[in-house]
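Here is the structure we will look at.
The values are calculated or read from the model by the stated rules, or taken from the named source; none is laboratory data. Remember, predicted model here, so these are calculated numbers, not experimental data. Cβ placement follows ideal geometry from the backbone for every residue including glycine, while neighbour counts extend to all protein chains displayed.
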Amino acid sequence: MPAGLLFFYILYFIILVRALKKLLTFIFKNKKMVPSKMFFTKGVGVHKERLASFELALRDAGIEKCNLVYVSSIFPPNCQTLSKEKGMELLRPGEITFCVMAKSETNEPNRLISASIGLAIPKDRTHYGYLSEHHSYGETGQKCGYYAEDLAATMLASTLGIQIDPEKAYDERKEEYMASGYIFRTTSITQSAEGNKDGLWTTVISSAVFLE
């Protein structure tokens, strides 16, 4: 190949790469990803290695094939909640996947651990809701779930101007949340387990997984 033609091809390739880089930069800077769907999942893993126990918990939850990015506590307006089965069908191996994650781990035999995600959705679906994460030791799954759900509802209530006495019992506060007419639904997902009797690492996770 003549030197002049080779130089032309190299120059053309460099220009093409630079143009592609500019295009991708523009796309990522201007694209604001607001999830339109979300699903809950949970899992538990046990292994002699701490990291491996987390990986097994991800596998149990069905999200090990994703590159997970942890985000904070906003449930987007008009976001649809899916079943785990339907949500899993929309995941692709290797994709960057945003989620709210709660995790608890231990290598102490028989130690009770729990991880929970709470959700509070406003009646006006054009308004955002709240997700909360809670992980604990020595707390039952039910208690952990109640705490996460109450935390999400409390955060949402504060943005809607609902005044609730924090000293009241959870059930009383929940009745007041629902009676206000501003909060449509609250729920939670929880995974709990006892530490492996032989001292292996035990990890529990609960997650709210976002989809476009």
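Values for this structure:
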| read-out | value |
| --- | --- |
| Members of segment 138-164 found to be on the phi > 0 side of the Ramachandran plot and either in contact with a strand residue (DSSP E or B) (Cβ under 6 Å, 6 or more places away or on another chain) or buried (at least 17 other Cβ atoms within 10 Å of the Cβ) (or both), listed by number | 138 |
| Positions within segment 80-123 being touching a Gly at 6+ places or on another chain (Cβ under 8 Å) and either aromatic (Phe, Trp, Tyr) or within 27 Å of residue 162 (Cα to Cα) (or both), in sequence order | 116, 118, 119, 120, 121, 122, 123 |
| Whichever residue in segment 187-206 is closer than 23 Å to residue 98 by Cβ and out of contact with any Phe, Trp or Tyr (no Cβ under 7 Å at 6 or more places or on another chain) and, among such residues, is surrounded by the most Cβ atoms within 10 Å (Cβ to Cβ) | 206 |
| In segment 34-77, residue surrounded by the most Cβ atoms within 10 Å (Cβ to Cβ) [restricted to those that are modelled with pLDDT of 95 or more and of a type in the set (S, T, N, Q)] | 53 |
| Residue match in segment 110-118 (condition: surrounded by fewer than 17 Cβ atoms within 10 Å (Cβ to Cβ) and either in contact (Cβ under 8 Å) with a residue 40 or more places away in the chain or in a loop (DSSP other than H, G, I, E, B) (or both)) | yes |
| Sole residue being surrounded by 14 or more Cβ atoms within 10 Å (Cβ to Cβ), of a type in the set (D, E, K, R) and either under 26 Å from residue 36 (Cβ atoms) or in the same structural domain as residue 46 (by TED's automatic domain parsing) (or both), chosen from 176, 212, 167, 172 | 176 |
| Odd one out for residue 139, checked against (1) modelled with pLDDT under 95; (2) touching a His at 6+ places or on another chain (Cβ under 7 Å) | (2) |
| Residue within segment 153-169 that is within 30 Å of residue 91 (Cα to Cα) and either at pLDDT 95 or above or not hydrophobic (A, V, I, L, M, F, W, C) (or both) present | no |
